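**Q** After the structure tokens below, expect a handful of questions from me.
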Amino acid sequence: MLPEKTFTTRVGNHDVTFATGKLAEQAGGAVTIRVGDSMLLATATMSKNVREGLDFFPLSVDFEEKLYADGRIPGSFFRREGRPTTDAILTARLTDRPLRPLFPKGMRNEVQIIVTALASDNIHHLDIMTVNAASAALTISDIPWNGPIGAVRVGRINGEFVANPTIQEMEESTLDLRMAASKDAVIMVEAGANEVTEAVMVEALAFGHDAIQPLVAVQEEMRQAVGKEKAEIELAKTDAELAEAVKARIGNRIQDIVATETTRDGRNAAVDALREEIVNSFLAEDETADTKAIREIIADVLKYAIRNRILYEHVRPDGRDYTTIRPLSSEIGLIPRVHGSGLFRRGQTQVLSIATLGMPREAQKLDGLSPEESRRYMHHYNFPPFSTGETWFLRGPKRREIGHGALARTALRPMIPSEEEFPYTIRVVSEVLSSNGSTSQASVCGSTLALMDAGVPIKAPVAGVAMGLVSDGDEFAILTDIQGLEDHLGDMDFKVAGTAKGITALQMDIKIAGLSQELMAQALEQARIGRLEILDSMLATISEPKAELSPFAPRMMTVSIDPDKIGAVIGKGGSMIRNLEETYEVSIDIQEDGTIFVAGVDGEKAEGAIAHIESLTEEAELGKIYTGKVVRITDFGAFIEFMPGTDGLVHISQLSSDHLRRVEDAVQMGDEVMVMVTDISPEGKVRLSRKAVLEGWTLEEAQANDQPKRGGNRGSRDRRSGGRDRRGGGRDRRR
């Protein structure tokens, strides 16, 4: 067995231990990371050869959730893990984003990073461990990479920042900030928050960057001790001579196009025409000319022209200055029958969000390593090909779509009312109808509109805006409301969502080595101003949630019962609950704590179902008069079912004002009679009196008139049933 070497550092209140040398020896780099009893294995491997014709860097990052890590067997038919869960995909994306910018430009060798969950103690978060493990595996591997990086989660509990809080501690936190950074600069940020201010967020980023330093240092130590020599690889480079020839033929024509064509369609048409002209001119001279390389050079010239105009002429591709937001518009209630709808438009970006309200049992059940077992509020994001004027096969949501839906959910989740306030499961679907920049933040805006249109009493409206950065090292420009071209050609995509009071979600991806805290603070402040402008536009359409739900939305009512009475509502084999749902045209959802949710489009029928449930679970009340039905006759009295599923004994002496020789002289099976509850034993046995009703007695009078006989009668009943108790198991004892 190979020797294992371990390296330990401390972040917050927890030791972080990296180990290498024992497992996965044939991977390019293999590391285990352990915090508490949570352990992951990360491997990083690079292909030796480059696929011919590859014009991009083929990096793949996967997080493998294994339920054995939590001592569970998968619940699927095959009893093995299937496709990645949403949380696994989001963890893989979180890991990919800070790693990707640090690979050498022009790298074409395939790199595969796989992180496998070996053990989960349900105390320490696995997502941050995944980023650190992947960075360590790359750092000691033979793969060229400009790391290491560290990752940390920052919580804010009782006004104090905490590095890598536990899952339990995070329940008390108003901030969930996940960030990755090198020794010198922040690289990636992903945050959810409960309306924290920009100033607090900047402080949290500074705190997190300091907390990351031990992780960077220990990985540097690992590289010195066990790191492999980095492989020599061939990087894709532009032919300098060809580049000069192409640029000479272009001249200043691209600069002219950028200066005069401020619409996307007009600019694209002009650049396309120029591109074809240049390519054809080279083909006319040499049929073997590298047309792919020529197109890439033209794209580089266009990128330089746009970036240079932004930086030094302070004009963006569509003619805006740095802070102007594109034209805004919004509508609500434009789709019939759905529970709520909102259409939000910013420039050429258009998103339609639809809100649907459902029963608590319709919450999403989660079967992964996440501590979250179910999800009451869901947000799904769809990006069809027509939204960009393209065509491709529809194969279900891609990782990007899952990530954008999760970001919008993070932004709105703090504003969703609790189940006690609004006992509905909520699903919002955002359909991107047209895309030209920041559809995820348009989804936040459209979803806020849809929720308010549906009558969901959100705590405050939420809006989002995407920021961009263009920098050449000397000059920089922070752009509000970036469009698609600025996202593609810029150095940063910085998305901020929140209310008028503060931030609820933040996500940053960068293409350069890092971002200083000063630039981060400026971007956050600029985003705050933009967000408020967008909120004002939305509130002009709908200023607060509608007071009434859609007529097509279920009316939800709740009732709480003794958990021991749940069986009475369900009935034998579910017969009672099925009968209730069919009779009152409702859906019924019963919780283990005795809370029952009743939903129906017809409010009156839902109220009827509630009343019926209350009657099924009502407790007998001393002195109360009930109308019941005779369900059993014995020689010593009659049993009356005076509440659904509950009966009591009327002794023969209490059946009539007259003396009776036989019970049948007063009542027959199925007769309806009025009775008073005169006694309830500690075991729950109920004694009734019909005579008390006939005579008009009070409870005290009924008990006094029955008192002498009750003891004797009970004794007599026991004597009569004694034989049956011995032979048949005591039927009377069960009653």
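The values are calculated or read from the model by the stated rules, or taken from the named source; none is laboratory data. This structure is a prediction, so every number in the text was calculated from the model and none was measured. Every residue, glycine among them, receives a Cβ derived from its backbone with ideal geometry; neighbour counts consider all protein chains shown.
**Q** Can you confirm whether the range 401-415 contains a residue that is without any contact (Cβ under 8 Å) to a residue 60 or more places away in the chain, closer than 28 Å to residue 178 by Cα and either among the hydroxyl-bearing types (Ser, Thr, Tyr) or not in a helix (DSSP H, G or I) (or both)?
**A** Within the range 401-415 (the criterion being without any contact (Cβ under 8 Å) to a residue 60 or more places away in the chain, closer than 28 Å to residue 178 by Cα and either among the hydroxyl-bearing types (Ser, Thr, Tyr) or not in a helix (DSSP H, G or I) (or both)), the answer is no, since none of the residues qualifies.
Quick grid of which residues meet (1) under 30 Å from residue 702 (Cα atoms); (2) among the acidic types (Asp, Glu); (3) touching a Lys or Arg at 6+ places or on another chain (Cβ under 9 Å):
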position	(1), (2), (3)
538	no, no, no
571	no, no, yes
584	no, no, yes
596	no, no, no
599	no, no, yes
624	yes, no, no
629	yes, no, no
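**Q** Ok, one more. Can you name every one of the strands (runs of 3 or more DSSP E) wholly within the range 423-496 that holds 2 or more residues which are more than 20 Å from the chain's Cα centre (by Cα) and small (Gly, Ala, Ser)?
**A** Numbers: elements: 425-434, 463-471, 476-480.
Correct list: 463-471.
**Q** Looking at 123, 143, 114 in this structure, which one is of a type outside the set (S, T, N, Q), closer than 24 Å to residue 368 by Cα and not in a strand (DSSP E or B)? Give the derivation first.
**A** Numbers: 143 fails: closer than 24 Å to residue 368 by Cα; 114 fails: not in a strand (DSSP E or B).
Going through 123, 143, 114 in turn, the sole match is 123.
**Q** All but one of (1) in the same structural domain as residue 696 (by TED's automatic domain parsing); (2) small (Gly, Ala, Ser); (3) out of contact with any strand residue (DSSP E or B) (no Cβ under 9 Å at 6 or more places or on another chain) hold for residue 637, so report the exception by its number.
**A** (3)
**Q** Restrict the check to the range 257-275 and report whether at least one residue is more than 25 Å from residue 484 (Cα to Cα) and without any contact (Cβ under 8 Å) to a residue 60 or more places away in the chain.
**A** Looking for residues that are more than 25 Å from residue 484 (Cα to Cα) and without any contact (Cβ under 8 Å) to a residue 60 or more places away in the chain, one finds none in the range 257-275, hence no.
**Q** Return the total of residues in the range 423-459 being on the phi > 0 side of the Ramachandran plot and touching a Pro at 6+ places or on another chain (Cβ under 9 Å).
**A** Within the range 423-459, residues that are on the phi > 0 side of the Ramachandran plot and touching a Pro at 6+ places or on another chain (Cβ under 9 Å) number 1.
**Q** Test residue 517 against the stated conditions and say whether it is outside the structural domain of residue 698 (by TED's automatic domain parsing) and closer than 30 Å to residue 101 by Cα.
**A** yes
**Q** I would also like to ask the following. Filter the range 526-564 down to the residues that are assigned to a helix (DSSP H, G or I) and either closer than 24 Å to residue 684 by Cα or not aliphatic (A, V, I, L, M) (or both) and list them by number.
**A** 526, 528, 530, 531, 533, 536, 537, 563, 564
**Q** Here is a further query. Those residues that are hydrophobic (A, V, I, L, M, F, W, C), in contact (Cβ under 8 Å) with a residue 40 or more places away in the chain and more than 24 Å from residue 422 (Cβ to Cβ), I need them from the range 563-597; list them, please.
**A** 568, 576
**Q** Please go through (1) among the polar types (S, T, N, Q); (2) at pLDDT below 90; (3) over 30 Å from residue 643 (Cβ atoms) for residue 504 and return the number of the only condition it doesn't satisfy.
**A** Unmet for residue 504, out of (1) among the polar types (S, T, N, Q); (2) at pLDDT below 90; (3) over 30 Å from residue 643 (Cβ atoms): (2).
**Q** If you scan the range 234-284, which residues turn out to be part of a helix (DSSP H, G or I), β-branched (Val, Ile, Thr) and in contact with a helix residue (DSSP H, G or I) (Cβ under 7 Å, 6 or more places away or on another chain)?
**A** The answer is 246, 250, 254, 257, 258, 271, 278, 279.
**Q** Another one. Assess whether residue 108 counts as being in a loop (DSSP other than H, G, I, E, B) and in contact with a Phe, Trp or Tyr (Cβ under 7 Å, 6 or more places away or on another chain).
**A** Values: in a loop (DSSP other than H, G, I, E, B): yes; in contact with a Phe, Trp or Tyr (Cβ under 7 Å, 6 or more places away or on another chain): yes.
It is true that residue 108 is in a loop (DSSP other than H, G, I, E, B) and in contact with a Phe, Trp or Tyr (Cβ under 7 Å, 6 or more places away or on another chain).
**Q** Here is a further query. More than 30 Å from residue 511 (Cβ to Cβ) and of a type outside the set (D, E, K, R): which single residue out of 182, 173 fits that description?
**A** Going through 182, 173 in turn, just one is more than 30 Å from residue 511 (Cβ to Cβ) and of a type outside the set (D, E, K, R): 173.
**Q** Given the conditions (1) part of a helix (DSSP H, G or I); (2) at pLDDT below 95, report the number of the one that residue 89 does not fulfil.
**A** Going through the list (1) part of a helix (DSSP H, G or I); (2) at pLDDT below 95, residue 89 breaks only (2).
**Q** Next up: May I ask you to say which residue of 179, 201 is part of a strand (DSSP E or B), in contact (Cβ under 8 Å) with a residue 24 or more places away in the chain and either closer than 30 Å to residue 156 by Cβ or of a type in the set (Asp, Glu) (or both)?
**A** Numbers: 201 fails: part of a strand (DSSP E or B).
Just a single option satisfies the conditions, and that option is 179.
**Q** Of 558, 617, which residue is among the β-branched types (Val, Ile, Thr) and in contact with a Pro (Cβ under 6 Å, 6 or more places away or on another chain)? Walk me through it before giving the result.
**A** Details: 617 fails: in contact with a Pro (Cβ under 6 Å, 6 or more places away or on another chain).
Being among the β-branched types (Val, Ile, Thr) and in contact with a Pro (Cβ under 6 Å, 6 or more places away or on another chain) holds for just one of 558, 617, which is 558.
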